[in-house]
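Since the structure comes first, as structure tokens, the remarks are kept for the end.
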């Protein structure tokens, strides 16, 4: 679990993309998306690291990044956000989205 204090350190993982799932425990779509992201991230584990960020417990970085809806997913490379989406997407769409980015950068 990521916190406001360790966010910068965690998204700066060398040689890997970092996928951050901004969620809330009360959010129904978040509970649907979470397991999908975990499953897809496992397929890309050599190139990608998944982090979950509870916006209610640690709101500072969510606010700084303009996250105003949950679930919001942001993909980072070298500590910088490079792409993302809001809401729930089908597993295959997320897998294709990640494949296009991770294999081409």
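Hey, does the stretch 33-43 have a residue that's surrounded by fewer than 13 Cβ atoms within 10 Å (Cβ to Cβ) and free of Cβ contacts under 8 Å to residues at least 12 places away in the same chain? Within the stretch 33-43, one or more residues are surrounded by fewer than 13 Cβ atoms within 10 Å (Cβ to Cβ) and free of Cβ contacts under 8 Å to residues at least 12 places away in the same chain. Taking only the stretch 63-81 into account, find how many residues are farther than 17 Å from residue 42 by Cβ, in contact with a strand residue (DSSP E or B) (Cβ under 7 Å, 6 or more places away or on another chain) and either surrounded by 14 or more Cβ atoms within 10 Å (Cβ to Cβ) or touching a residue at least 40 places away in the same chain (Cβ under 8 Å) (or both). Selection size over the stretch 63-81: 9.
Quick check on residue 5: is it modelled with pLDDT under 90 and loosely packed, with under 15 Cβ neighbours inside 10 Å? The answer is yes for residue 5.
The set of residues from the stretch 45-80 being at pLDDT 95 or above, more than 10 Å from the chain's Cα centre (by Cα) and within 21 Å of residue 16 (Cα to Cα) is empty. Restricting attention to the stretch 82-105, the residues being in contact with a strand residue (DSSP E or B) (Cβ under 6 Å, 6 or more places away or on another chain) and closer than 17 Å to residue 55 by Cα number 3.
Residues that are under 21 Å from residue 16 (Cβ atoms), out of contact with any helix residue (DSSP H, G or I) (no Cβ under 8 Å at 6 or more places or on another chain) and in a helix (DSSP H, G or I) within the stretch 86-105 comprise 96, 97, 99, 100, 101, 102, listed in sequence order. So, residue 13, is that one surrounded by 16 or more Cβ atoms within 10 Å (Cβ to Cβ), over 10 Å from the mean Cα position of the chain (by Cα) and assigned to a loop (DSSP other than H, G, I, E, B) or not? Taking the combined requirement at face value, the residue satisfies it.
Is it true that some residue in the stretch 32-42 is more than 16 Å from residue 91 (Cα to Cα) and touching a strand residue (DSSP E or B) at 6+ places or on another chain (Cβ under 6 Å)? Within the stretch 32-42, not a single residue is more than 16 Å from residue 91 (Cα to Cα) and touching a strand residue (DSSP E or B) at 6+ places or on another chain (Cβ under 6 Å).
Taking every residue in the stretch 1-20 that is without any contact (Cβ under 8 Å) to a residue 40 or more places away in the chain and pairing it with any residue that is surrounded by fewer than 18 Cβ atoms within 10 Å (Cβ to Cβ), at least 6 positions away or on another chain, the pairs with Cβ-Cβ distances below 7 Å are 13/49; 16/47; 16/49. Against the condition at pLDDT 95 or above, within 17 Å of residue 3 (Cα to Cα) and not in a loop (DSSP other than H, G, I, E, B), how does residue 83 come out, does it pass? Taking the combined requirement at face value, the residue does not satisfy it.
The values are calculated or read from the model by the stated rules, or taken from the named source; none is laboratory data. Please read these numbers as outputs of a predicted model, since none were measured by experiment. Note that each Cβ is placed from the backbone with ideal geometry, even for glycine, and that neighbours are counted across all protein chains shown.
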